[in-house]
1. Which whole-angstrom value gives the distance between the alpha carbon centres of the stretch 58-78 and the stretch 89-131?
2. Excluding residue 149 itself, calculate the net charge of residues whose Cβ lies under 10 Å from the Cβ of residue 149, where each Lys or Arg counts +1 and each Asp or Glu counts -1.
3. At most 14 other Cβ atoms within 10 Å and a DSSP loop assignment: could you name the chymotrypsin sites (Phe, Trp or Tyr not before Pro) in the stretch 43-146 that fit?
4. Listing 155, 138 from the residue with the fewest other Cβ atoms within 10 Å to the one with the most, what is the order?
5. Report the net charge of residues surrounding residue 161, where surrounding means a beta-carbon distance below 15 angstrom and charges are Lys +1, Arg +1, Asp -1, Glu -1.
Amino acid sequence: MKYTVGILFLAGLMTAGCGTTKRSGEGSSASGNLPGNSAIGENSLAEGSYPQQLNRELFAPVFFDYDSAQVRPGESGKCEQVAKYLKKRKAKGVVLEGHADERGSREYNLALGEVRALAVRDYLITLGVDATTIQTKSYGEEKPSDKNHDENAWSQNRRVVFAIY
C-alpha cells in the first residue's frame, strides 16, 4: 500500500493549531487516542494506559526504507513470527511502536512512525491476529536506536518495534 497521502494528511492534522513545538522526549502520538476510527480500531491507548510490563526483546523490529511505510518482503517473516505467537495467546497483546530517522520535521516523523505502525498492524490482521490485541504508538524521531547521523544509523532508526505484553 502507498501511504504517502496518509502521511501528509496525518502530518497536516498534527500541525494544525499547534502553537508550540515539543522537543525530544516530550511526547508521542498514539493511534488509540482516536477511538472509533475504523482504520485504527477501538483498542484505546490513551496517555497513562500504556501497559506496564512490555517485552521489546522477543522479536526483531521491522525496518523500513527511507520515507516509506511499506513492509518490505524481507521483513514480512518478522510479522509472521509475531502473528503466530499472538494467535497462540502467549501474550495479551502487542504495542507496535513506530519510529523514524531524524530527517524531516518532528510532526512529519511522528506521522510517519504512526503510519509505519499501522502498516504492520494491517499486516498482522491479514495474518489472523485479533485487531483488539494490537495497539500502535509513534515516537517519530524521539527514540533512536542508533544516535549517529549517517545512513547506517538512519536505517536502524526507521523501524517498528514489537512491544509484547
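What follows draws every value from the coordinates through simple rules; no lab data is involved. Computed from a predicted model, the values in this text were never measured in an experiment. Methodologically, a virtual Cβ is constructed for each residue, glycine included, from the backbone with ideal geometry; neighbour enumeration extends over all protein chains shown.
1. Between the Cα centres of the stretch 58-78 and the stretch 89-131 lies a distance of 10 Å.
2. On the way: positive: 103, 147; negative: 101, 102, 146, 150, 151.
That works out to -3.
3. In loop regions of the stretch 43-146 (DSSP not H, G, I, E or B), the sparsely surrounded chymotrypsin sites (Phe, Trp or Tyr not before Pro) are 66.
4. By the 10 Å Cβ count, ascending: 155, 138.
5. Neighbourhood net charge equals 0.
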